[in-house]
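Only one structure is covered here, and it is reproduced in the block below.
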Amino acid sequence: FSQLTDMEDMGLQNNLLSGNIPPALCEMSQVMYLILGHNMLVGTIPSCFGQLSYMNDLELHDNLLEGTLPETLCNLQGLEFLYLFGTKLSGTIPACFGGGSSFPILQALLLHDNDLEGELPQEWSLPLLSSVTLSNNPRLHGTLPASIFTQRHSSSSGVAAGVSFSVEAPNPNLRAVV
């Protein structure tokens, strides 16, 4: 992978890949799309992924990954899609995942079917967010503010766009205030 520093798109989903995510992927400084979903990858999400400044789409879903959500992912200012569902991720959702100066153009945050726990971030400022799923994280609790459902607007038409939100049973600890 270290020979692929100029690669912009890597789609290796559905290939039964196994083992740890190679740290050499962090040397792909131009990568915009890193799609490794539906494999058998183990280990943790490399914190060096936060250095991939051109990253637009990071999909590591449906793997056997463990550990916590690296706070360094909040450095990805160009990230639009973050799909980390269906793994064994645990721990809390870092406060920076709620926005602020992090994720200014994030459209989809899919963290369902993990083992995340604790309180949701207190602040949510993700102006382009259109989809967030947190279901099937039974030890996750908190409230998503009404503003998360009203802050997305289409710049071309000025029409408010809907936000899909999914928190399914059996987690009565999560709620959306609308």
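The values are calculated or read from the model by the stated rules, or taken from the named source; none is laboratory data. Being a predicted model, the structure only gives us computed values, none of them experimental. Cβ: placed from backbone, ideal geometry, glycine included. Neighbour counts: every protein chain shown. What goes into the accessible areas is simple: the full protein's heavy atoms, side chains included, and nothing from ligands, DNA or RNA. Shrake-Rupley method; radii C 1.70, N 1.55, O 1.52, S 1.80 Å.
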Mind listing the long-range amide H neighbours of G99? Cut-off is under 5 Å, sequence gap 5 or more, other chains count too, H placed in the peptide plane at 1.01 Å from N. S125
Taking the Cα-to-Cβ direction at Q122 and at S147 and moving 7 Å from each Cα, how far apart do the two end points lie in nm? 1.3
Taking all pairs of distinct Cα atoms, average 1/r, flip it, and tell me the Kirkwood hydrodynamic radius of the stretch 1-118 in Å to one decimal place. 14.1
For the stretch 1-113, which whole-number percentage of the solvent-accessible area (1.4 Å probe, protein heavy atoms only) is attributable to carbon and sulfur atoms? 51
If I model a spin label at S18 and S130 as a point 7 Å from the Cα along the Cα→Cβ vector, what separation in nanometres do I get? 3.8
Rolling a 1.4 Å sphere over the protein heavy atoms, what is the accessible area per residue of the stretch 2-133, to the nearest Å²? 42
Length added when fully stretched, D6-R139, from 0.36 nm per residue minus Cα-Cα: 43.8 nm
Surface accessible to a 1.4 Å probe, L64 within the full protein complex, Å²: 70
List, in order, the whole-Hz ³J(HN,Hα) value for each residue of the stretch 98-112 obtained from phi through the Karplus relation with A = 6.51, B = -1.76, C = 1.60 and θ = phi - 60°; use x for Gly and Pro. x, x, x, 8, 8, 6, x, 10, 4, 10, 9, 10, 10, 10, 5
Stretch E66-S47 to full length: gain in nm at 0.36 nm per residue minus the Cα-Cα span? 5.5 nm
